[in-house]
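Written out below as structure tokens is the structure these notes cover.
FYI, it's all coordinate maths here, none of it is from the lab. None of these values were measured; they are calculated from a predicted model.
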Amino acid sequence: MKAIISRPLLTILLGCGLLLQSCMESPYFQKQASIPGYEWNYKFTPSFEFEVTDTTYMYNVYFLMRHTEAYPYANVWMNVYTKTPEDTAFKKQRVNVELAATSGKNNGQWLGRGMGEIWEHKLRLTHESDTTILHRKGKYIFRFEQDMRVNPLPEVLQVGLRVEKGNKRNP
């Protein structure tokens, strides 16, 4: 399925989205990777690396995704690979990310923010009460791999990682 939006218009809409994000509170870390040809292939596994220097705070970790309105699914299954400062290898976790309501009167409606034909989702990967996430100083790496039955996954524009500083840890 081909995109229903022209590339120049898509560039303008993405630029407007970045301007809107600049009005939000600054994250500890945020980075997005553009999906080549707007089709997320199994082999394309964007990686995000950042350093934690302040362990007196807890952190909230989010998966970011931008897609067109023509994205054909209500979710995305993906593998999240993480490597912490004490790990020698990546740990893999399979995650189902809900992108649209699947029941009730809002069935089929996107859950993220929409701007024209572009939808943006910010979905929590960590639980607020989990004090073991990002609790050591050092380098952390997150890598995302789409794990849907369809390859490549159409109409995906960008995926990313956002880390926000949370509450102070209890001593």
(message) Using only the Cα atoms of segment 7-168, what are the Rg and Dmax in Å?
(response) 16.1, 47
(message) For a 28 Å ceiling on Cα separation, which of these pairs sit above it: K83/K168; K83/K165; K43/K137; K105/K165; K105/K168; K31/K105?
(response) K43/K137; K105/K165; K105/K168; K31/K105
(request) Find how much the distance from T56 to K139 grows on full extension, using 0.36 nm per residue of separation minus their present alpha carbon separation; answer in nm with one decimal. (result) 28.3 nm
(message) Test of understanding: what is the full-extension gain from D87 to R124, defined as 0.36 nm times their sequence separation minus their Cα-Cα distance?
(response) 11.1 nm
(message) Under the 0.36 nm per residue contour assumption, what length would be gained going from the current alpha-carbon distance of R149 and M115 to full extension?
(response) 9.4 nm
